[in-house]
2 protein chains.
Amino acid sequence: MSNFENQKMVGVWLENRRLSVREDLPIPQPAPGEALIKVRLAGICATDLELMRGYYPYTGIMGHEFVGEVVQSNGDQDWIGKRVVGEINITCGECAACRAGRSNHCEQRSVLGIVNAHGSFAEYTKLPLRNLHQVPENVPDEMAVFTEPLAAALRIQEQAHIGPSQRVLVIGAGRLGQLIAQSLALSGCRLSVVVRHAKQQQLLAMCGVSCLMEEETGSQSWDIVVEATGSPDGFNLALLTVRPGGMLVLKSTFAGHTTANLSAVVVDEITLLGSRCGPFAPALRLMEKNLVRPQLLIEKRYPLNQAAQSIEYAAQAGVLKVLIEPGN
Amino acid sequence: MSNFENQKMVGVWLENRRLSVREDLPIPQPAPGEALIKVRLAGICATDLELMRGYYPYTGIMGHEFVGEVVQSNGDQDWIGKRVVGEINITCGECAACRAGRSNHCEQRSVLGIVNAHGSFAEYTKLPLRNLHQVPENVPDEMAVFTEPLAAALRIQEQAHIGPSQRVLVIGAGRLGQLIAQSLALSGCRLSVVVRHAKQQQLLAMCGVSCLMEEETGSQSWDIVVEATGSPDGFNLALLTVRPGGMLVLKSTFAGHTTANLSAVVVDEITLLGSRCGPFAPALRLMEKNLVRPQLLIEKRYPLNQAAQSIEYAAQAGVLKVLIEPGN
């Protein structure tokens, strides 16, 4: 246990909305039931960018998407050497939500790199052992690093039944929208995605998903509309395109309040469904079977000491997945 | 068929948001498949008041809640003399929504006293025969006139499963909130209602429903919250009180846009469910069995020629049901 004690590591620190790459961060010490993980690859997500815009007042090491290797276990030693991904909600197991089987809504939760828990944009990170999932051998790091956002995409189908005859519109073809489209396409539903950038359309075409421009969506004609743009404009387009009695899935968070015509929700009996974190096991199964191709989204990789540049790059409009490689 | 032709009647006319009691209105002529109904009692609803505030640009005879007697049928003559209530959505039966069994969302629909169809604040009204339901003998007019709003209350349980162990909060104890509370109480769920007026609380107590003041609701602790205030304040209280993963039912319409924290909907995975018109048959069954007591809500009755005063009275804060009696 001792070889990581009192040692320093490199990590991306966020404080007062400013990030800095620091070399003096202590390597995390796993508490009982926790593992120390050497990060192999980490992914930059819209939530990271929102944190920098003040979506949540977070101070600490950023990052929640990663694949890594367990190097220390304060519990079952069988985990050591395993290649893993990790669920980001660190839960108490004891509150009413946890006891009701809704631990992702644990009242005491911390969230890796988002709420009260140092994240994965660092050489090492730690998580409870029960949060870990071993990565199947045939899933390369470049796929495994997408487990968390792919799980978030799959959360939609965990919450709502999407039938193979339904007309489903995904608004937004960015990082999350692409993964949502790839996973929804597997249901056989009649799927279209609203795109803004030619590159987004090309990627979807590679996965056999058809695209529409915003002006081609039609009015009130989709059984299910998924809002994945992270902007109020996307929400209002969703309200215009979902059919009466249909469902609007809200998949992206954005800072501040949104103005909406709630009377339309009542008169047209729309169901609005908020959707956040999802199940890791099916995400890994889909990748193991090569049924999804998240690695197509990778645009650029940066070494950890260029993390500031990597996040700046990821924040540009239309940029898909940017990865951070602590090993380089 | 001829005895109502070219005859005039009294009715409440809305035009440019102003109402007038007119005595020169033609008695409606039932088209094939329609009935002419002599109105016995009509009820004033929040939607009527919203129409006067410009919620929808309606011109014509107001009113959609009524009980009456069929005096003419342009179809099955067995309806003549029957005491009836009527569903308010007049549908085409041919559009995609109708064919999919969602005729309340008919794309071509008119709505009695709300959209393109003269309503029930008059001596006579007309509706398609297929919209009519015979009132059971033991249900007096004073109950039957509540069929439409009671059906709207029951719509909640048609859309969402409400289990007997669930904690359910109804926000608003006005006309609709009272009926929602009475019908939800029958599920055995753990029900509380947020009230503002002592009278509202007394009425609910008579039905065995417990009440809370707004400051007693607690935070994020209700499985299901029903918003029935018709105000943005009610919506925001609903968002604060529903638990993560819970459901917020939007039951009241209000003019204009509402500002809301949609990120909370996503992070807490709230389901927002818009809910409008409901099923008449179960509403009549509950009244036939005396399982609900809508007649407790009646505050005052006015003859038709005092309809202007009746609507003015109904618009006051805390006033429950005001009825119009065309026969007097």
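So, of the residues in region A:28-85 that are part of a loop (DSSP other than H, G, I, E, B) and without any contact (Cβ under 8 Å) to a residue 24 or more places away in the chain, which turns out to be nearest to A:Tyr313 (Cα to Cα)?
Among them, the one singled out is A:Pro57.
Residues that are farther than 20 Å from A:Glu269 by Cα and of a type outside the set (D, E, K, R) were ranked within region B:262-280; the one that is nearest to the other protein chains (Cβ to nearest Cβ) is B:Ser263. Taking every residue in region B:14-27 that is more than 16 Å from B:Thr125 (Cβ to Cβ) and pairing it with any residue that is among the aromatic types (Phe, Trp, Tyr) and assigned to a strand (DSSP E or B), at least 6 positions away or on another chain, the pairs with Cβ-Cβ distances below 6 Å are B:Ser20/B:Trp13. Filtered by the rule that a residue be of a type in the set (Asp, Glu) and in contact (Cβ under 8 Å) with a residue 60 or more places away in the chain, region B:103-124 gives a lone residue, B:Glu123. Of all residues in region A:267-313, those satisfying the criterion of being among the β-branched types (Val, Ile, Thr) and open to solvent by less than 40 Å² (accessible area, probe 1.4 Å) are A:Val267, A:Ile270, A:Thr271, A:Val292, A:Ile311. Scanning region B:267-286 for residues that are hydroxyl-bearing (Ser, Thr, Tyr) and assigned to a loop (DSSP other than H, G, I, E, B) yields a total of 1.
Return the only residue of B:Val84, B:Val67, B:Val39, B:Val12 being touching a His at 6+ places or on another chain (Cβ under 9 Å) and among the aliphatic types (A, V, I, L, M). Before you say what the answer is, go through the steps one by one.
Numbers: B:Val67 fails: touching a His at 6+ places or on another chain (Cβ under 9 Å); B:Val39 fails: touching a His at 6+ places or on another chain (Cβ under 9 Å); B:Val12 fails: touching a His at 6+ places or on another chain (Cβ under 9 Å).
Answer to the selection: B:Val84.
Considering region A:252-261, the residues that are more than 17 Å from A:Leu176 (Cα to Cα) and open to solvent by less than 30 Å² (accessible area, probe 1.4 Å) include one that is farthest from the other protein chains (Cβ to nearest Cβ), namely A:Ala260. A single entry from B:Val249, B:Val319 fulfils the requirement of being in contact with a helix residue (DSSP H, G or I) (Cβ under 9 Å, 6 or more places away or on another chain) and either open to solvent by 30 Å² or more (accessible area, probe 1.4 Å) or more than 10 Å from chain A (Cβ to nearest Cβ) (or both): B:Val319. Going residue by residue through region B:100-111, is there one that turns out to be open to solvent by less than 10 Å² (accessible area, probe 1.4 Å), within 19 Å of B:Pro282 (Cβ to Cβ) and either in contact with a strand residue (DSSP E or B) (Cβ under 8 Å, 6 or more places away or on another chain) or within 14 Å of another protein chain (Cβ to nearest Cβ) (or both)? Scanning region B:100-111, I find no residue that is open to solvent by less than 10 Å² (accessible area, probe 1.4 Å), within 19 Å of B:Pro282 (Cβ to Cβ) and either in contact with a strand residue (DSSP E or B) (Cβ under 8 Å, 6 or more places away or on another chain) or within 14 Å of another protein chain (Cβ to nearest Cβ) (or both), so the answer is no.
Among the residues of region B:287-317, how many are polar (S, T, N, Q), assigned to a loop (DSSP other than H, G, I, E, B) and within 22 Å of B:Ala144 (Cβ to Cβ)? Can you show your working first?
Residues of region B:287-317 that are polar (S, T, N, Q), as a first pass: B:290, B:295, B:305-306, B:309-310, B:316.
Checking the rest, the ones that are also assigned to a loop (DSSP other than H, G, I, E, B) come to B:290, B:316.
Filter again for within 22 Å of B:Ala144 (Cβ to Cβ), leaving B:290.
Here the count works out to 1.
Regarding region B:8-15, can at least one residue be identified that is among the β-branched types (Val, Ile, Thr) and part of a loop (DSSP other than H, G, I, E, B)? No, there is no match, as no residue in region B:8-15 is among the β-branched types (Val, Ile, Thr) and part of a loop (DSSP other than H, G, I, E, B). What's the number of the condition A:Ala264 fails, among (1) open to solvent by less than 10 Å² (accessible area, probe 1.4 Å); (2) part of a helix (DSSP H, G or I)? Only one criterion in (1) open to solvent by less than 10 Å² (accessible area, probe 1.4 Å); (2) part of a helix (DSSP H, G or I) is unmet by A:Ala264, namely (1). The set of residues from region A:293-319 being closer than 15 Å to A:Val21 by Cβ and either outside the structural domain of A:Arg40 (by TED's automatic domain parsing) or among the polar types (S, T, N, Q) (or both) comprises A:Asn305, A:Gln306, A:Gln309, A:Ser310. Just one of the numbered conditions (1) in contact with a Gly (Cβ under 9 Å, 6 or more places away or on another chain); (2) within 30 Å of B:Glu269 (Cβ to Cβ) is not true of A:Glu69: (2).
Does A:Thr229 qualify as being modelled with pLDDT under 95, open to solvent by 10 Å² or more (accessible area, probe 1.4 Å) and touching a strand residue (DSSP E or B) at 6+ places or on another chain (Cβ under 9 Å)? Spelling it out, A:Thr229 is indeed modelled with pLDDT under 95, open to solvent by 10 Å² or more (accessible area, probe 1.4 Å) and touching a strand residue (DSSP E or B) at 6+ places or on another chain (Cβ under 9 Å). Could you tell me which of the residues B:Asn290, B:Asn305 is at positive phi and polar (S, T, N, Q)? Exactly one residue qualifies, and that residue is B:Asn290.
Given region A:146-248, what strands (runs of 3 or more DSSP E) lie entirely inside it while holding 3 or more residues that are under 28 Å from B:Thr259 (Cα atoms)? Walk me through it before giving the result.
Details: elements: A:167-171, A:190-194, A:210-212, A:222-227.
Hits in region A:146-248: A:167-171, A:222-227.
The single residue among B:Ile90, B:Ile80, B:Ile61 that is within 21 Å of B:Leu323 (Cα to Cα) and either modelled with pLDDT under 95 or of a type outside the set (Phe, Trp, Tyr) (or both) turns out to be B:Ile61.
What tally of residues in region A:115-132 results from selecting those that are within 21 Å of A:Leu176 (Cα to Cα) and open to solvent by 20 Å² or more (accessible area, probe 1.4 Å)? Show your work before the answer.
Quick first cut of region A:115-132, residues within 21 Å of A:Leu176 (Cα to Cα) only: A:115, A:119-121.
Then keep just the ones that are open to solvent by 20 Å² or more (accessible area, probe 1.4 Å); that gives A:115.
So the count comes out to 1.
Against the test of being touching a Cys at 6+ places or on another chain (Cβ under 8 Å) and within 12 Å of another protein chain (Cβ to nearest Cβ), the options A:Arg155, A:Arg243 yield a single qualifying residue, A:Arg155.
The values are calculated or read from the model by the stated rules, or taken from the named source; none is laboratory data. Everything quoted here is computed from the prediction, not taken from an experiment. All Cβ positions, even for glycine, are placed from backbone atoms using ideal geometry, and neighbour counts span all protein chains on display. The area values use the complete protein model at the heavy-atom level, side chains included, leaving out ligands, DNA and RNA. Shrake-Rupley method; radii C 1.70, N 1.55, O 1.52, S 1.80 Å.
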